[in-house]
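Asks: Dropping the structure in here first, questions after.
The values are calculated or read from the model by the stated rules, or taken from the named source; none is laboratory data. The structure displayed is predicted, hence computed values, not measured ones. Cβ placement follows ideal geometry from the backbone for every residue including glycine, while neighbour counts extend to all protein chains displayed.
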């Protein structure tokens with residue numbers, strides 16, 4: 001991924017913080033045909049919590065890792081590890097990654113639609 005795409009993905013992660021009560025967002029990507037996900041952008045999370053999340057995503061059973069190949073988003077699930085907001089939502093990026101957000105309250109329909117639009121934009125960037 002080029003530096004311009006990384007900047008745009010950062011903007012998408014930052015924009016996700018304006019949706020509902022989203023407290024943090026991370027975008028993980030992978031090269032086509034590759035299995036491991038790598039952190040491409042994050043907003044609202046840094047330091048040890050971000051390091052812990054990146055390490056957790058290395059586990060193939062982690063919900064973010066599994067979501068990369070899902071046909072659609074998964075909303076309002078309880079986190080695998082304790083700490084932080086009560087719920088997580090994972091939006092696949094066309095097999096190229098995942099937009100993962102953390103929030104405390106269940107997402108309203110318009111919030112889900114806004115996140116799906118951000119995920120679609122991220123997918124377009126990754127395919128470019």
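Asks: Can you tell me which condition residue 59 does not meet? The list is (1) out of contact with any strand residue (DSSP E or B) (no Cβ under 9 Å at 6 or more places or on another chain); (2) at negative phi; (3) in contact (Cβ under 8 Å) with a residue 40 or more places away in the chain, and all the others hold.
Replies: Result: residue 59 fails condition (3) only.
Asks: Further, regarding this structure: Which is touching a residue at least 60 places away in the same chain (Cβ under 8 Å) and loosely packed, with under 12 Cβ neighbours inside 10 Å, of 102, 128?
Replies: None of the other options fit; the residue is 128.
Asks: Might you check whether a residue that is at pLDDT 95 or above and surrounded by fewer than 20 Cβ atoms within 10 Å (Cβ to Cβ) occurs anywhere in segment 22-35?
Replies: Among the residues of segment 22-35, at least one is at pLDDT 95 or above and surrounded by fewer than 20 Cβ atoms within 10 Å (Cβ to Cβ), which makes the answer yes.
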